[in-house]
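Reviewing the structure listed below.
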Amino acid sequence: MSATARAPQGKPLLRALRGETLDRVPWWLMRQAGRYLPEYRAVRAKVGDFVTLCLTPDLAAEVTLQPVRRFCMDAAILFSDILLVPRALGQRLSFEDNGPSLEPLSDVALIKNNDVAMLSPVAEAARRVSAGLSDETALIGFAGAPWTVATYMVEGGTSRDFQRVKAFAYRDPVGFDALIDRIAEATIEFLALQIEGGVEAVQLFDSWAGALSPDGFERWVIAPTKRLVADLKARFPHIPIIGFPRGAGLFYQYYATETGVAAVSIDTAMPPAFARDRLQSRVAVQGNLDPVLLLVGGEEMQRAVRQMCSVLRDGPYIFNLGHGVLPETPPEHVAELARLLTEQTR
Ligand code: CP3
């Protein structure tokens, strides 16, 4: 076969999501746009309000592109937030110094709104980003998975122990199912809008999947994710979905087989060899450098990256962190990581 006939088709990230094993490992980082970048802090300081930043297409497009310009990741991730869905459902949302703040919700009957159209500036941002990307760089959209979004809606912010939301769910499972369904419907519309704006893959962040009991995990992580994935695939069969059930531990394998996702993002605690042996035959694997190793940089980071790639690169693999970039991370360490990953060909 001639070299031309074997020339690879498509963007590296999308090829890995389709199950291909690549010579060079494609990469991006969760929370790759954000406070560790001085150029992000400058835009943020100018706008003041975080929600306004998410809903102003020019600015959202600009901060989406910032990390890609510096580090040439294989994907940009559209700048927005998982908490825009509660906002569209009518919940007040603000971001204080100690994280997001919402008016805690105690009853699904109190959700009166369903105004996902208010999030259409995000689609416009996607259009502008698409126009600014190279042919090799993919655009990823995202949303929170219903359970994780529900935790913020019921707790009113980030929680330590999830007492309120779990008490709601365990005490009134039928009422909680109704809340999960409302979130799932809005989430599908939010993702549809991003896809129509040009995102080429989507990630579902289930950041608090690890907080539930096994029965709760089945009912509020697996079941709604499976429905959401099926609905999205029916509408957009060509869009691969990455699931990130952070903290799911032993349930990662069940999640990978049951939900229909094309890829799973593994958290920091998952042994790469487990992901290779139990997940990679069914789905592409993404992950899972400890974000603190990126913050530390140097030899420690390099060793971990080489080790991880050597375990996972013989199957469909996308390099990423086990969770988001920490705001204290020196940008030079990301540059160092980019060099290391670009040099890593077979
Ligand atoms: O990856 C990217 O570059 C896209 C950006 C992105 C943001 N939020 C922007 C953001 C992504 C992928 C998210 C997802 C998100 N948001 C998650 C899932 C991922 C995870 O970390 O588990 C969650 C749980 C949220 C909710 C949220 N938004 C919290 C808890 C906070 C406060 C904590 C923090 O990091 O500040 C936010 C605010 C937020 N979302 C910021 C950014 C850049 C910081 C806001 C600021 O500029 O002050």
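The values are calculated or read from the model by the stated rules, or taken from the named source; none is laboratory data. These numbers were taken from a predicted model, which means no experiment stands behind them. Neighbour counts run over all protein chains shown; Cβ positions are idealised from the backbone, glycine included. Note: areas computed on protein heavy atoms with side chains; ligands, DNA, RNA excluded. Shrake-Rupley method; radii C 1.70, N 1.55, O 1.52, S 1.80 Å.
Peptide packing: for 55-64, 106-115, the average count of neighbouring Cβ atoms within 10 Å per residue gives the ranking 55-64, 106-115, highest mean first. Highest mean first, the peptides 221-233, 40-52 sorted by other C-beta atoms within 10 Å per residue fall in the order 221-233, 40-52. Working from the Cα coordinates of region 11-164, the gyration tensor eigenvalues give, after taking √(5λ), semi-axes of 30, 18, 15 Å in decreasing order. The helix-only estimate of mean residue ellipticity at 222 nm for the chain, built from DSSP H runs of length n ≥ 4 each weighted as -39500 (n - 2.57), is -13500 deg cm²/dmol after division by the residue total.
Derived scalar couplings between HN and Hα for region 100-113 equal x, 9, 10, 6, x, 9, 10, 8, 4, 4, 7, 7, 9, 8 Hz in order, rounded to whole Hz, by the Karplus curve 6.51 cos²θ - 1.76 cosθ + 1.60 (θ = phi - 60°), x for Gly and Pro.
Which whole-number percent gives the relative contact order of region 200-346, counting Cα pairs below 8 Å spaced six or more residues apart?
Details: 213 pairs, mean separation 29.8, N = 147.
It comes to 20 percent, rounded to a whole number.
Cross-link reach is defined here as a Cα-Cα straight distance under 16 Å, omitting same-chain residues fewer than 8 places apart; for LYS233 the aspartates and glutamates meeting it are GLU185, GLU189, GLU196, GLU200, GLU258. Computed from phi, the 3J(HN,Hα) profile of region 314-322 under the Karplus parametrisation 6.51, -1.76, 1.60 (θ = phi - 60°) reads 7, x, x, 9, 10, 6, 7, 8, x Hz, with x in place of Gly and Pro. Full extension of the chain between VAL47 and ALA335 gives 101.0 nm of extra length, using 0.36 nm per residue less the Cα-Cα distance. Peptides 264-273, 156-165 ranked from most to least packed, by the mean per-residue count of other Cβ atoms within 10 Å: 264-273, 156-165. With the convex hull drawn around the C-alpha atoms of the chain, the volume per residue stands at 128 Å³.
Positive end of the dipole of region 12-343 (Cβ unit charges, origin at the Cα centre): among ALA304, PRO57, ASN114, the Cα lying farthest that way belongs to ALA304. Rounded to the nearest 10 degrees, the inclination of helix 120-132 to the longest alpha-carbon principal axis of the chain is 10 degrees.
If the chain linking ARG18 and ARG278 were pulled fully straight, counting 0.36 nm for each residue of separation and taking away their Cα-Cα distance, it would gain 91.8 nm.
Proximity of backbone amide H atoms, modeled 1.01 Å from N, is registered between PHE205 and ALA143, GLY144, ALA145 at under 5 Å, excluding neighbours fewer than 5 places apart on the same chain. Across region 12-343, Cα pairs under 8 Å and at least six residues apart give a relative contact order of 21 percent. Probing with 1.4 Å while keeping every protein chain in the model, the per residue accessible area of the chain equals 42 Å². A cut-off of 5 Å between modelled amide H atoms, ignoring neighbours fewer than 5 places along the same chain, links LEU289 with ASN320, LEU321, GLY322. In sequence order, region 55-71 has phi-based couplings of 9, 10, x, 4, 6, 4, 5, 4, 6, 5, 7, 3, x, 5, 4, 6, 10 Hz under the Karplus curve 6.51 cos²θ - 1.76 cosθ + 1.60, θ = phi - 60°, and Gly or Pro positions carry x.
Between ALA167 and ASN98, the distance separating the two model label sites (each 7 Å from Cα on the Cα→Cβ line) works out to 1.9 nm. Counted residue by residue at 0.36 nm each, then reduced by the alpha carbon distance between them, the extension gain from ALA131 to GLU328 reaches 67.9 nm.
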